[in-house]
Amino acid sequence: YEVVAGHVWRCVCAARLLPRDQETKLQIPVDGRPRLRPPLPPGFFGNGIFYTTSTASCGELVSNPLEFAAEKVHAALVQMNDDYLRSAVDYLELRLPKIHDIARSENNVRCPNFGITSWVRLPFYEADFGWGKPVYAGPAAAQFEGKGLLFVDAESEGSLLLAITLLKPHMEAFEKLL
């Protein structure tokens, strides 16, 4: 995941033709359930998703090898341990009266930033409501500019699909880079 997310982030920066010194953030949702100690129980009903962010300049991402971007993604993910997540919950409890100040929106991922979510482990294709297994499980429509979604390709075992929303000129350049 780290290598794929890093590669996509690099390609998005290159496709957008951003200045080398432009700061860019990669926002990644993380399931906090298994990271909390003790972990949330299997039947926990509620949101256990936290967001982590990696930051770099566009020049750093584009000019360094893929390993640089993958390491940035890795560093953002490993920091999401029990202490960090509990600190985040404490912060949210303090800020709850002013939640609109910290709420995520499409502005968090628009250019020059990017957000990527993985649905790879979600068992969509195991669902059967009496009509057989799903033919397609993925996004129904584009969310907004600067968002990517990785999910399983049911047609090709072991393959992934990437749904991504970029501005048209950036998408045309992105297709050539990926």
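The values are calculated or read from the model by the stated rules, or taken from the named source; none is laboratory data. On a predicted model such as this, the values are computed, not experimentally measured, just so you know. Here the Cβ positions follow ideal geometry from the backbone for every residue, glycine too, while neighbour counts run over all protein chains shown. Note: areas computed on protein heavy atoms with side chains; ligands, DNA, RNA excluded. Shrake-Rupley method; radii C 1.70, N 1.55, O 1.52, S 1.80 Å.
Structure data summary
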| item | result |
| --- | --- |
| Amide H within-cut-off set for Thr117, under 5 Å, with H built and near neighbours excluded | Gly148, Leu149, Leu150 |
| Percent carbon-and-sulfur accessible area, the chain, ignoring ligands, DNA and RNA, probe 1.4 Å | 57 |
| Cα-based shape type of the chain, given that a ≥ b ≥ c are square roots of the gyration tensor eigenvalues and the cut on a/c is 1.5 | oblate |
| Gln143 long-range amide H proximity, modeled H, under 5 Å | none |
| HN-Hα J in Hz across the range 68-84 - Karplus 6.51, -1.76, 1.60, θ = phi - 60°, x for Gly and Pro | 4, 5, 4, 5, 5, 5, 4, 4, 5, 6, 6, 5, 7, 9, 4, 4, 5 |
| Across the chain: Cys residues that no other cysteine approaches within a C-beta distance under 4.7 Å | Cys11, Cys111 |
| Placed amide H near Leu160: partners under 5 Å, 5+ positions off or other chain | Asp153 |
| Among beta bridges that DSSP assigns inside the chain, antiparallel share in %, nearest 5 | 70 |
| Where the range 1-134 is the region considered: accessible area per residue in Å², 1.4 Å probe | 62 |
